[in-house]
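Okay, structure first, notes after.
FYI, it's all coordinate maths here, none of it is from the lab. Here the structure is a predicted model, which means the values were calculated and not measured. No Cβ is skipped: glycine too gets one built from the backbone with ideal geometry, and neighbour counts run over all protein chains shown.
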Amino acid sequence: MTSGGFQKTIDALGGDDMPRVWSLIVTVFGDLAQRSGDEIAGPVLGEILAPVGVRPEAMRVALHRLRNEGWIETRKQGRTALHGLSTFGLAQSAAASKQIYGTTQQADLDWHILCFAPSTSTQEQTRSKTLALRGYVNATSGIYIKSGAANHIADDAIILQGEMKNVPSWLSDVLAPMPLRAGFQKLAQALETINIDESFARALTPLQTATLRTLIVHHWRKLVLKLPLAPDVLFGDDFEGTQCRDQVLRALKLLERPKRFQTSPERRSSSSKDASPAR
């Protein structure tokens, strides 16, 4: 694909807000180097991020931050720096993968509700934090929802489990607020405008494919990870995220993960192994 056409596609996906560089790098590794031992060479990472407007200095600062926070590990191979997710980074990436790459959750999935007696605000905050670690969503004071069977027994709660017969709009609005819905709609519209198909995908270089995947996954994960792990039926019949998920997964299927990258001549290292995302 020509550089002009590719950049127009990037601009259509990029939107008005420049992503935080460190967060964008987490997306790159979480999508393109998600296995233990996978690495991306510094020059390759720079070329993936450059079309989005990330400068080398900003990338170096972000990598330094991610190393300090335990997300990234770096080693030298000759004069080339090779970066990969740490054990902590791999665990965080794996934990988010189900929501990022999972298909639409159907309405007939099991779900359950915990109902607690009225309590003080301090008690409610403590309970909310504890249950959030177990995957529960605080629908309203004393009411917590989670998909799946009720395997957590709370002695001081009423446990309701079964099929959802009616989802009031207030519950859908709590679980998926309007700003989040607008984000799903915006991403879906951008993907529809770009209209990624097989001929479009074939015209891309591996590095262009990597950049597009990074942008799509980044925008998607920033939205979908704000949703609770619950069937889509809880978000309402007209939930914008359902259509957006379908479009994202279709685009990612067409934009297959590149197995190897080749940097441009001016940035190419002397060793072809330095331009490989994985060992």
*Roughly what angle does helix 240-254 make with the longest principal axis of the chain, taking Cα atoms, 0 to 90 degrees, to the nearest 10?*
30 degrees
*Rounded to the nearest 20 Debye, what is the dipole magnitude of the chain about its Cα centre when Lys and Arg each give +1 and Asp and Glu each give -1 at the C-beta?*
1320 debye
_For the chain, what does the helix formula give at 222 nm: sum of -39500 (n - 2.57) over DSSP H segments with n ≥ 4, over the residue count, nearest 500 deg cm²/dmol?_
-15000 deg cm²/dmol
*Using only the alpha carbons, work out the radius of gyration and Dmax of the chain in angstrom.*
21.3, 67
*Please give every one of the lysines within straight-line cross-link reach of Lys98, meaning a C-alpha to C-alpha distance under 19 Å, and leave out same-chain neighbours fewer than 8 residues apart.*
Lys146, Lys222, Lys226, Lys253
*If you take the charge dipole of the chain about its Cα centre, with +1 on Lys and Arg Cβ and -1 on Asp and Glu Cβ, which of Ala58, Pro118, Gly89 is farthest toward its positive end?*
Ala58
*So what's the net charge close to Ala201: Lys and Arg +1, Asp and Glu -1, counting the other residues with Cβ under 14 Å from its Cβ?*
+2
*Specify the residue with the greatest mean-square fluctuation among Ser93, Ser147, Ser119, computed from a Gaussian network of the chain linking alpha-carbon atoms under 10 Å apart.*
Ser119
*Let me know the shape class of the range 111-162, please: from the alpha-carbon gyration tensor, a ≥ b ≥ c as square roots of the eigenvalues, rounded when a/c is under 1.5, otherwise prolate if a/b is greater than b/c, or oblate.*
prolate
*C-alpha long axis of helix 3-14 to longest principal axis of the chain, angle in °*: 20 degrees
*Please report Rg over Rh for the range 39-190, where both radii come from the alpha carbon positions and Rh follows the Kirkwood definition.*
1.10
_Cα gyration tensor, the range 48-89 - rounded (a/c under 1.5), prolate or oblate_ = oblate
